[in-house]
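The structure under discussion appears below in the form of structure tokens.
The values are calculated or read from the model by the stated rules, or taken from the named source; none is laboratory data. It should be emphasised that the depicted structure is a prediction, and the values quoted were computed from it without experimental measurement. For neighbour counting, all protein chains shown are included, and Cβ atoms are generated from backbone atoms with ideal geometry for every residue, glycine included. Keep in mind that these areas ignore ligands, DNA and RNA; they rest on the heavy atoms of the full protein, side chains included. Shrake-Rupley method; radii C 1.70, N 1.55, O 1.52, S 1.80 Å.
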Amino acid sequence: MTLTASLRCRQRVIALDRPVVMGVLNVTPDSFSDGGRYADPQAALTEARQMVAQGATIIDVGGESTRPGSQVPSLETELARVVPVVQLLATELDVAISVDTSRAEVIDAAVQAGAVLINDVRGLSDSSALAAAARLGVGVCVMHMQGQPSTMQTAPSYTDVVSEVRAWLQARLERCVQAGIAADALLVDPGFGFGKTLEHNLALLNALEEFALLGAPLLVGLSRKSLAGTLTGRAVADRLAGSVALAALAVSRGASIVRAHDVGPTVDAIKIGSAARRDRWRQQ
Ligand code: 9MG
């Protein structure tokens, strides 16, 4: 596949000739850094409005906590968390809405409510979720994870993390296209922290350019994660500087979309990362 400078998401086209920020909006009671804050749709709207004002291009709504050790919620719970928030955001804001889910039923309901992009940490490995995404013409982020959130950090193991993650993403891209998803609707993500040790995360970070060449734009999520925590020795609440440093680095190595909690500082950081790679990104 040739690298596209835009992402097709139903009626929306997201320009990716310069990097953009995806704001994190967890509507769960137990996400690792913002659990419980945005479960109420009005609180979620206030936060999303602020993220848009700070420059977010996409808002990623998540009703399943995927932090290490977390359990999968029931379908009813996930639907009840996600759908009212997506509906309100789609009515009130002019922004691309992404939903972080692995379930066909949630994809269907969220798209009906106004979502245009599906961010699946399980890479659409569920065949009915894959079929729903193809039928609805949504954009899709295919992320790599070893194991499941409940146990993924117990003993992650690879012979060669970079080539294994790259081969898995390549195969999932091909499977998505085979299922009818347009090539220019796909994103890839190596899944920092999802079944990876510090050494695995650093190997992926160092090889990021290779992932940017897979043929689909690259999304990364490094915000407030253990990589930033371990390298700086900071607790979750104090990882802003580490997170924006990683965002700038990722963009300088080819990441098109940075998923982040702190949108304003990340927008600034990606301007720095982009300027460091004038050959790669259109400048302001
Ligand atoms: C939902 N979620 C949490 N972390 C993530 C990451 O790194 N990438 C993507 N695509 N989604 C994530």
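Enclosing the Cα atoms of the range 90-180 in their convex hull gives a volume equal to 108 cubic angstrom per residue. If you wrap the Cα atoms of the range 66-225 in a convex hull and average its projected area over all directions, you get 9.3 nm².
For the chain, the 222 nm mean residue ellipticity estimated from helices alone, with every DSSP H stretch of n ≥ 4 adding -39500 (n - 2.57) and the total spread over all residues, rounds to -12500 deg cm²/dmol. Farthest toward the positive end of the dipole of the chain, out of Leu231, Val140, Phe192, is the Cα of Leu231, where the dipole comes from beta carbon charges about the Cα centre. The base-10 log of I(q)/I(0) for the range 135-243, evaluated at q = 0.13, 0.16 Å⁻¹, reads -0.52, -0.75 [Debye formula, identical scatterers on Cα atoms, solvent excluded].
Note on the range 201-284: percent of Cα-Cα distances in each 10 Å bin, starting at 0 and stopping at the bin with the largest distance, equals 20, 52, 25, 3.
A 1.4 Å probe run over the protein chains yields, for the chain, 40 Å² of accessible area per residue, whole-number rounding.
If you bin all the Cα-Cα distances of the chain at 10 Å, starting from zero, the percentages per bin are 7, 32, 40, 20, 1. With the convex hull constructed from alpha-carbon coordinates only, the range 1-147 shows a mean projected area of 8.8 nm² over all directions. Ligands, DNA and RNA left out, the 1.4 Å accessible surface of the chain is 50% carbon and sulfur atoms.
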